[in-house]
Structures are given as structure tokens and as C-alpha cells.
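Following: one structure in C-alpha cells, then a few remarks.
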Amino acid sequence: MTSVELTLIGGYLGAGKTTLLNRMLSQARHRFAVIVNDLGALPIDQALIESTSGTSLTLTNGCACCQLGGDLASQIDQLAQTGFERVLIEASGVAKMSRLRDQLVGLPGVTLRAAMTLIDGQSLAPLLSSRWVDRLIRDQLDHADLIIATRVMPSWSSEQVAWRERAVFLEASGELPDWVWQVQSQVSTPGFAAVTKPEFHHRAVVVRRGLSRADFEGFVAAHPQIQRAKGFATLNEGHFLVQSTVGRCILTPSPAQDFEGVQFIWVGDELPPFAELSMDQGEPVAEVESVGI
Amino acid sequence: MLDVYIAKTIVTLNRSQPDATAIAVRDGMIVEVGSLSSLEPWLLREPHVIHRTFESDVMVPGFIDPHLHPAMAAVILPMHFITAMPWSLPWREVPATVTPEAFDREMVRILAEVDDEITIFWGHHDLWHGAMHRSRIDQLSGDRPVVVWNRSFHELHMNHACMLHLGIDEVLAQRRKQVDLDAGRFYENGLGFAISRLNPFILEDARFRQGLERLREVVHFGGHTTIGDMAVGLFDFERELRESRAIFGGPETFFRVEQVPHGGVLTHGRSAEEALAQLSSLAAESGPKLTFRKRIKFFADGAFFSQLAQLLPPGYLDGHEGEWLMVPELLEAKLREFWHAGYRIHVHVTGDRAVELTLSILEQLQSELPRTNHGFTLEHMGYATPEQLAWAKQLGVSVSANIYYLHELASRYAEMSVGYERASSMGRLGTCFDEGLITALHSDFTMAPAQPLLNMWVAVNRVNAQGELMAESERLTPAQALAAVTINAAKILGIEHETGSLRAGKRADVTILSDNPLSVDPMAIRDIAVKGTLFEGTLRLNEPLHDIG
């Protein structure tokens, strides 16, 4: 199997992603390919372009630039098959680094070399207080192996130590420093620990005919993983509005016969045996007036 | 020659004469609405035919769906529907399928009837139909390629035979994230991989055209005389232009298509001048049925069905974040270009944070270049606060809402997404009308059925799929809801001088109904039958009737 090393370049609009890519392409120390959001926006020196084909460019130094398409993994595959061992991906300005890592880390044959987030040092403070993108910016910084500050190095606050420790400043012009080519992904970076929350599942059930109130209440009581149940059911005693929270099941007679279907919410992996409750195979469903997805 | 149609009631939405019983049409234009006696001055002077076929029916202004996606519909409509909600399609009533067993039975039944190269089912939902799995499909169809597409469109499962057919081998698929080969499951980015393999089949010319032809039937069936294609270029700009003209430009189409280009696609990698020049020439060469005007569509935040709407605090129950589809500053820059060029701008906004951003941008643009009657429209508007809607009024904003979200998602979102308060008040249309915003309803088909009466029913009753009344005070009156699928929808598209109500001088666009949506029991609005339409005076019937004229 071919093997590819990926480098992610993220950061918000104006952070300098395109400028960095352009510098890397013109100062290439080895052969690599870049996948960019907008090939047209990449100001590549015309003298460096060897050939153009559709949505990709081949450069005289052996590097290539491609427009991002629908299936990123296929593009990476294609580049690997044409002999590229290193691929750089320019993320969209609104891409979350956490999500990109999720998508790419662990693909067989693909190693994440580094995730780098660029930040314009002058705009860090306004971006972090932005009404629109504050959490996006935090995500991009939290999930980067290396933070590259452009224009100026931000004056990090005491709460931003975790960012400061991973930040380096990049001069706007001149030869790129060695670390740009050498940076490697750390095994883990701070801020990755996901908050563990209980996992809820849900299922809608149209209750079959022939069950009594006691049957229904018994079902809910017998399966304590059921946290909530809400909706309408026709039982032997009549049509009921069902409102159940943990340990308490309230059935209220309901005049509206139009609706059938109870939404169950349960926690954990144990699926309640809904077959005991739901319409069996023989019963027609066409009479159900309206049901949820 | 005048054609005079008699009806039990004609609801005109023309305030000076709200009710009438006769409408006179010449060369596709309404010459007068009134009664046979009030039409006398015309009838004395002009040869005429009086049509009494519909004298026990009700006429309303021709329905307008200002926001649907023919190209997306063309991909989905050739699929076989098995859905938890009943869907009325012109060629088939799709019943509600609400158990895992019934879902499997439907698959078996359809497989026995069809002979597709790949049989694709659409509409699976875990909530009703249980978890899908490759082995589950394999048991039903071991040797024929089968795909089961999720109702949200964001996930699919395929059987082993289908993987073989598409040449998806284990080595290839294992190199993908979000592919579970054992389960035959492809989602998010893995879905992109599956679609790239399915594309030669689902986008094949004949199938795509069949899909557009089916959409034409759906649009007729719903009683529409105008639709808005609210993002030409969603799949492939040139191909959509070409195929839409071929299918909708001909005499078999009894509605007009108002085309609004996808701004992101149109401006990608090129200057605003180039995009504006292309749009000018598209507008100039617009045909009688398909029309570009100075309109453009942009996208702010993620899909409502995927819970990617951008929300203001307190956000989602599980703490996840919505997504921007365009960098906010870039959205502002694009909107600025088209605002200054005098365009009517439509922005896809699903969450209240996206509404906040969009209104902030518009406020800035209004201070740079004040405009009135500018048609700036919030599209979908899942969540918006009352304060935002008052602000929207100040800025002259219109709303085109997908109210079906409320019916289909409110119960689930109350439990699983945002909690009861916000889930129950999604689609605050009562507030929109109270604030005086121009407010329309759309289907975003196939996000919701393209049936204006069904969307009116949701807006008037605000009953969710589990039968629960959600935010009673946000209900519309039947008259408001009717305006939202006719005259207000015409205003959203900027064609209110031509259609959307029934009065002298407008095009003769009429929808013929079995009953009056303004006087039936509100819960029965969705049961009213659409008998047919007049499109620019030409009659088209949903079912063959005898004794025409």
C-alpha cells in the first residue's frame, strides 16, 4: 500500500494560508502536492507553472496544486498513485481543525504529519471576541500541533498558555525557516479530551392494538433505561396522551384520535424490546394519519 | 375571445374585492374578476365562452413555491420512496411505513416489481425503521444491487452485491473515514465516496431527465403555477441550465420557473464583474417560462436537518457547534457586491446566530447604500428570536420559511437537539406577520413535500408529527397562510405585479380546489383536493374531467 504524509494548514480568513503555501511551493525542498480550496486564488508565479490540466497545475519543481473536489480521500489516493508521498491540504477558513483531524487521522496508509493553524497576531483578540467565529477560532487553535503567528506574535494572556507553548512566529518574507519543513504531529495535543456525556437514543413506536394501560405502564417500568416517552397511543381503555419521565408514566385521555406514535428516549446500549409494544407484521399501517420521521 | 370561468367562490387576495364567482381571461391575462353580471360590459363587447365545469369548486390565486431545488429533486425522485410520513406523489400514494418489519416488506415488494440496474430506496429513518445494515439488505436481496438512502440524504447503506457492482473493494473502502464496510454504511465524507461511485448511475442523462419530468408532475400535482429554483448550480450550473430549459421550456409544462443562481458557485474563483456580466446575459436571454432576474442566493450556515444551524447561546443540548458555509467576512463581501449592484439577495439562514450575522451585514449595507423594496430575504429561518424579527422589519427584510421543519422535527428536536422552548417556537411565523414582514412558505423540495396546502396546514395548526400543538400563538390564520403561498411568495420572487393574486391585469394563474381553505375546519386544509390549474389562462387538470366548457 502506498503511504502518504499529510500536513493540514488551517486558519481563518486573512491568516496567511495562501501566502505560506505559495512560499512553500516556490521554495520547495522536496516534491509535494497541495490541495487548495480555490486554485484561482493561489498567486503562483507563472514562470513556475509547467502545465495546467483541468483543476490541477504541475510546477517545474515537480510539485502539484489541485482544486479541492468532492471526495478528499480519493484525491489523496490519486496523488499517492502518481508518486506523491507528501500532501498539504489548505483548509477552508471556516473548517474546524477538530473535524478535519477526525476525518483524516487513522486512514490506512495516511499519516498526519502535522496540523498547523495560522493566526494573524493582530486579529487574535478581535476574533476571540467575535460574535460569529469565537468558538471556531478556539477550535482551530486547540486542535493544532503548531500555531503559526503571522504579522506579529500575539501577547498571549495567562489563560492562553496552552496556545503560547505551541506558537511560533513566521516572518512575512524571505527564506522559510527549517521548522516549517520539519514540524511533526504530536501524539496528543492539549484540549482534545472530549466531554463525556450520556448517550441518548430514540425510536418512535406505533403501539399495537390490544394492549391495556397496565401493559403499557408495565413496559415502561420494566425497562429503566427508558428516560422519556411522549406521544399518543390507542390502548384498550381508549386513546391516550403519553407523557413519561423516569419512573413516572402519565396517561391522559385524549380526544384527538388523529395521531398515533410514541417517541421513546433511552440511555445506553440496551435497546428496549419494542417489538413487544409495536404493531406486528400483519397490521396495516395505512390507517396511521400522520407520523414523524 | 374571452374565457369566463364560474366558481362557487373565487378567493382573490385583492382587498377591494376579496370574493368573486366569475373570472374572465383573454390571451392569458385576467381582464376582470367579479360575477357574471358585473362582467356584462365585457360580455356585451367580446365573443366569449362561459365554462361552468368548476361552478361547485373554489378558485384561489395560482400557488407559488418560491424555493425548491429541481436538480436535487431530479436525483431523488427516480428513487423508490419508503417513508415514515405519507407522501403523495403523482404516480403513487406512498403510505406511512412505521415499523422495521414493514420497511423490509416494502423493499421486498418493490424489488419484485422493478428491474433497476441498482435499486435505490429513499426515506429510511432509524427512529422508525430501526438500524439499517448490509446484512439486513443482503437477506432481502442477496444478488441484486440495492442502496437504502437515509431520509436526511446524509447517509446510505448498500448491500454486498451493490459494492461488487460498483467495484468498491475492501482495500479501497478501508482507506476512507466514515465508511463502515461491515454495515455497508457510508456517511458524511464516506458518503461523498459512495456518491462518486454512484454518480454515473444517478446522474445518467436519461435518469436525470426522468427525475426532472417527475418533478414537473409533482409541481403540477401540488397546484403550482410558479416555482423558484433557489440555487441554480447546486450540482452543475451548465447542465442544470440546459436540462431545465429542455424539460420545463416546452408546452407540457404549466408553470414558470424563476431562476435564482447559487452565488457561491457563480462567483467561485472569478471577479464580481464577470459574474454580474454572466447574470446580465442570462437575464437578457431568459425565455418565457424560465427567467433569470437581478436575484442571487447565498448560504450562511449549515443544514437544519443535520443540526448544523448556527445557534446563539445556549446552543445545542449536547454542546456541539453549528457550521458556517461561508466565512462571515466573505459572505459580507459577496453580499456587498450584489447589494451595490442592485440585486435582490436571498440568504440561506437556519439558526438564529446566522440570522444575527445576516441582519448585521444588511444593516451595514443599508448605511452604505440605502435601498427600499430591495427584496432581501431570509430563506428557511428555522430559529429566529422575536427581537431579530422586529429588527428585520426595520431593515425591510422578507422571510421565506420552511414551516415543515416544525411538523417533522419539533418533537424530536425538543428531546434531542435544543430543548422544548426553542424547538416549539421554530418558524415564528405569527411574529413575522405581526411585525409586518413579507412572509412566504416554501417546501425546499425534497426537504418537505411540494404541497402548498400541506404547508398551509402546518402553519395554521402548528401540530407536530406526534400530534402536539407547538407555540399556539405563532399560528397563522388561514388567510395569512394562503397569502404566504401566493401573493407573498410572488413578492419574495419580485413578480407580484404579474401574479400572486386575482385582479384585472394580472396573468391568469389560478389553482382550482375542491374546498375553500379559508372556511374549512383548519385541520382539514391538507385534505382539500387540488383539481387543476389555469396557467396563463391554459387549463390543466389533475385528473381527467369530462364536460370541459
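The values are calculated or read from the model by the stated rules, or taken from the named source; none is laboratory data. A quick note: this is a predicted structure, and the numbers were derived from the prediction, not measured. Cβ sites come from the backbone with ideal geometry, for glycine too, and all protein chains shown count toward neighbours. To get the accessible areas, we keep the full protein, side chains included, count just its heavy atoms, and leave off ligands, DNA and RNA. Shrake-Rupley method; radii C 1.70, N 1.55, O 1.52, S 1.80 Å.
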Q.
What would the Debye equation give as log₁₀ I(q)/I(0) for the stretch B:223-292 at q = 0.12 Å⁻¹, counting only Cα atoms as equal point scatterers?
A. -0.32
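Antiparallel as a % of all DSSP beta bridges within the stretch A:4-182, to the nearest 5? The partial results should precede the final answer.
Details: 7 of 35 bridges.
Taking every DSSP beta bridge within the stretch A:4-182, about 20 percent pair in antiparallel fashion.
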Q: Please name which of B:Met79, B:Gly190, A:Leu25 has its Cα lying farthest along the dipole of the protein assembly as shown towards the positive end, using unit charges on Cβ (Lys, Arg +1; Asp, Glu -1) and the Cα centre as origin.
A: A:Leu25
Q: Starting from the Cα coordinates of the stretch B:294-498, work out the convex hull volume and express it per residue in Å³.
A: 110
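So what is the relative contact order of the stretch B:113-201, in percent, for Cα pairs below 8 Å that sit 6 or more residues apart? Don't jump to the answer; show the numbers that get you there.
Values: 131 pairs, mean separation 22.4, N = 89.
Normalised by residue count, the contact order of the stretch B:113-201 is 25 percent.
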Q. What chymotrypsin sites (Phe, Trp or Tyr not before Pro) in the stretch B:89-132 are in a loop by DSSP, with at most 10 other Cβ atoms within 10 Å of the Cβ?
A. B:Trp91
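How many times 2.2 N^0.38 Å is the alpha carbon radius of gyration of the stretch A:4-182? Mind showing how you got there, number by number?
Values: Rg = 16.0 Å, N = 179, 2.2 N^0.38 = 15.8 Å.
Its radius of gyration relative to the 2.2 N^0.38 Å reference: 1.01.
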Q. Average partner chain C-beta neighbours within 10 Å, per residue of A:71-78?
A. 5
Q | Where labels lie 7 Å past Cα in the beta-carbon direction, separation of B:Leu541 and B:Asn199 in nm | A | 4.6
Q: Please report how far the C-alpha centroid of the stretch B:271-320 lies from that of the stretch A:1-80, rounded to the nearest whole angstrom.
A: 28
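Apply 1/(1 + (r/R0)^6) to the Cβ-Cβ distance of A:Ser212 and A:Glu159, taking R0 = 60 Å, and write down the FRET efficiency to the nearest 0.05. Kindly include the intermediate steps, with their values, before the conclusion.
Details: r = 59 Å, r/R0 = 0.99.
Here the calculated transfer efficiency is 0.50.
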Q: Please provide three numbers in whole Å: the alpha-carbon extents of the stretch B:64-199 along the principal axes, with the largest listed first.
A: 48, 34, 29
Q) Per residue, what volume in Å³ does the Cα convex hull of chain B take up? A) 154
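Per residue of B:352-361, what is the mean number of Cβ atoms on other protein chains within 10 angstrom of that residue's Cβ? Don't skip to the end; give the middle numbers.
On the way: counts 0, 2, 1, 0, 2, 3, 0, 0, 2, 0.
Shielding by partners across B:352-361 averages 1.
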Q: Could you work out how far apart the two model spin labels at A:Arg135 and B:Ile110 are, taking each label as a point 7 Å from the Cα in the direction of the beta carbon, and quote it in nm?
A: 3.6
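Counting only DSSP beta bridges with both residues in chain B, what percent are antiparallel, rounded to the nearest 5?
On the way: 37 of 81 bridges.
The answer is about 45 percent antiparallel.
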Q. If r is the Cβ-Cβ distance from A:Asp38 to B:Arg15 and R0 is 56 Å, what FRET efficiency results, to the nearest 0.05?
A. 0.65
Q. Got a sec? Which residues of the stretch A:203-222 lose 50 Å² or more of accessible surface with every protein chain in place, vs. that chain alone, 1.4 Å probe?
A. A:Arg203, A:Ala204
Q: Over chain B, give the accessible area per residue in Å² for a 1.4 Å probe, as an integer.
A: 34
Q | In the stretch B:25-100, the GluC sites (Glu not before Pro) that fall in loop regions by DSSP, at most 16 other Cβ within 10 Å | A | B:Glu55
Q | Sites B:Arg207 and B:Ser152 - FRET efficiency at Förster radius 25 Å, r taken between beta-carbons, to 0.05 | A | 0.70
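If you keep only loop residues by DSSP, which GluC sites (Glu not before Pro) in the stretch A:132-180 have at most 14 other Cβ atoms within 10 Å of their Cβ? Mind dumping the intermediate values first?
Working: sites: A:Glu159, A:Glu165, A:Glu171, A:Glu175; in loops: A:Glu165, A:Glu171, A:Glu175.
Those that pass, being in a loop and sparsely packed, are A:Glu165, A:Glu171, A:Glu175.
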(Q) What does DSSP give for the protein assembly as shown in terms of the percent of beta bridges that are antiparallel, rounded to the nearest 5? (A) 50
(Q) What percent of all Cα-Cα pairs in the stretch A:26-112 falls into each 10 Å bin, going from 0 up to the bin containing the maximum distance? (A) 15, 51, 29, 4
Q. What's the Cα-based Rg to Rh of the stretch A:200-276, Rh via Kirkwood?
A. 0.93
Q.
Between the stretch B:1-61 and the stretch B:104-167, what is the separation of their alpha carbon centroids in Å?
A. 51
Q | Within the stretch A:239-257, backbone nitrogen closer than 20 Å to the virtual label 7 Å beyond the Cα of B:Tyr420 toward Cβ | A | A:240-256
Q: Of the options A:Pro253, B:His442, B:Met523, report the single residue whose Cα projects farthest towards the positive end of the charge dipole of the protein assembly as shown (beta-carbon charges: Lys, Arg +1; Asp, Glu -1).
A: B:His442
Q: Take every residue in peptide B:411-418, count the Cβ atoms of other chains within 10 Å of its Cβ, and give the average of those counts.
A: 4
**Q.** Residues of the stretch A:4-182: accessible area per residue with a 1.4 Å probe, Å²
**A.** 42
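Loop sites only, by DSSP: take the trypsin sites (Lys or Arg not before Pro) in chain A that have at most 13 other C-beta atoms within 10 Å and name the longest stretch containing none of them. List each step's numbers first, then the result.
On the way: sites that count: A:Arg29, A:Arg131, A:Arg209.
The reported range is A:30-130.
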Q) If each of A:Phe169 and A:Ser53 carries a label point 7 Å out from its Cα toward its Cβ, how far apart are those two points in nm? A) 4.4
Q. Cα centroid distance between the stretch A:137-188 and the stretch A:197-263, in Å?
A. 54
(Q) From zero outward in steps of 20 Å, how is the percent of C-alpha pairs of the protein assembly as shown spread across the bins? (A) 14, 44, 34, 8, 0
